[in-house]
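Below is one structure, written out as structure tokens; the observations come after it.
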Amino acid sequence: MKLELKNMKEWARFLLTYKFALDEVSTKLQILNEEFQFIHEYNPIEHMKTRIKSAESIVSKLKRKNLDVSIENTKQYIRDIAGIRIICSFTTDMYQIYEMICGQDDVRVIQTKDYIQNPKPNGYQSLHLIIDIPVYLTNRVEHVPVEIQIRTVAMDFWASLEHKIYYKYNAGIPPQIQQELKDTADMISSLDRRMLALNEDVQNHINSMNPPLDAAARA
């Protein structure tokens with residue numbers, strides 16, 4: 001779709017604030033992950049991916065919503081311009097990261113969708129949230145929404161494959177493939193639970209072999 005924007009410089013500056021917001025959130029998460037690693041000798045975040053929605057995608061989404069193409073409508077109705085995907089090993093990591101994000105004084109959680117407790121009909125499981133974060137510019141402060149998706153490694157693999165399949169079947173995915181995807185998502189959910197239980201068993205075994213010293217022993 002051809003982009004039909006009158007003031008490209010104004011739009012470029014507008015979208016730049018979303019890049020700054022992503023930079024802010026990425027830095028926060030890196031700090032939390034490194035401190036967690038230092039304290040617990042374990043990092044809950046395997047890796048992160050960031051993206052900024054293109055101007056063409058924004059225009060397309062506004063038109064699908066039957067809205068005029070304007071910065072005002074974009075700011076009011078589109079909250080997923082800046083996005084960050086956090087990949088974890090276990091579902092417990094996902095909730096830890098969620099709590100750490102919510103615990104930041106300058107972060108306001110606008111919306112939370114828990115697809116772990118309530119999976120999507122296709123079997124997809126993750127935590128989705130939209131936060132509001134301040135971006136300090138030269139002459140003002142902008143509060144910018146950022147979409148955060150938190151998934152396990154296994155579910156991220158499934159979601160990437162599912163996205164590619166849906167892209168190929170843009171006219172409608174066959175029911176049998178939909179069912180196969182659902183069954184595979186259920187298998188991945190089961191695998192995530194088994195791997196979490198295995199990890200907990202290993203940690204319990206390590207703790208039993210290295211019990212903490214009591215006060216008398218430390219003295």
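Computed from the coordinates by the stated procedures, all read-outs in this text should not be read as laboratory data. Every value quoted in this text rests on a predicted model; they were computed, and no experiment measured them. Cβ sites come from the backbone with ideal geometry, for glycine too, and all protein chains shown count toward neighbours.
A few comments on the model shown:
- Among the listed pairs Lys120/Lys168; Lys61/Lys168; Lys9/Lys164; Lys28/Lys49; Lys120/Lys164, a Cα-Cα separation exceeding 23 Å is found for Lys9/Lys164.
- Estimated from helices alone, the mean residue ellipticity of the chain at 222 nm is -18000 deg cm²/dmol (sum of -39500 (n - 2.57) over DSSP H runs with n ≥ 4, per residue).
- Among the chymotrypsin sites (Phe, Trp or Tyr not before Pro) in segment 69-119, none is located in a DSSP loop while being surrounded by at most 15 other Cβ atoms within 10 Å of its own Cβ.
- With at most 14 other Cβ atoms within 10 Å, longest stretch of the chain clear of loop GluC sites (Glu not before Pro) (DSSP): 42-219
- With the simple model of a label 7 Å out from the Cα in the direction of the Cβ, Tyr42 to Glu72 spans 5.1 nm.
- In a simple Cβ point-charge model (Lys, Arg +1; Asp, Glu -1; nothing else charged), segment 8-154 has a dipole of about 860 debye relative to its Cα centre.
- Residue by residue, segment 126-134 carries 3J(HN,Hα) couplings of 5, 10, 10, 9, 10, 10, 10, 10, x Hz when phi is fed to the Karplus relation 6.51 cos²θ - 1.76 cosθ + 1.60 (θ = phi - 60°); x denotes Gly or Pro.
- Here the contact order of the chain, divided by its residue count and restricted to Cα pairs under 8 Å and six or more residues apart, works out to 19 percent.
- Thr152 long-range amide H proximity, modeled H, under 5 Å: Cys88
- Couplings 3J(HN,Hα) of segment 149-159, computed from phi: 10, 10, 9, 7, 4, 5, 5, 5, 4, 4, 5 Hz, in residue order, whole Hz [Karplus 6.51 cos²θ - 1.76 cosθ + 1.60, θ = phi - 60°; x for Gly and Pro].
- Computed over neighbours whose Cβ is under 14 Å from that of Ala185, the net charge equals -2, Lys and Arg +1, Asp and Glu -1.
- Vicinal HN-Hα couplings computed from phi for segment 78-95 (Karplus, 6.51 cos²θ - 1.76 cosθ + 1.60; Hz; Gly/Pro x): 10, 10, 10, 5, 9, x, 9, 10, 10, 10, 10, 7, 10, 5, 4, 4, 4, 6
- A simple count of charges around Glu200, restricted to other residues whose Cβ falls under 14 Å of its Cβ and scoring Lys, Arg +1 and Asp, Glu -1, yields -1.
- This ranking places Met195, Met209, Met187 by how few other beta-carbon atoms lie within 10 Å of each, fewest first, which gives Met209, Met187, Met195.
- Residue of Arg85, Arg108, Arg64 that the Gaussian network model of the chain assigns the largest fluctuation, springs spanning Cα pairs under 10 Å: Arg64
- Sequence of Ser57, Ser208 once ranked by neighbouring C-beta atoms within 10 Å, starting from the fewest: Ser208, Ser57
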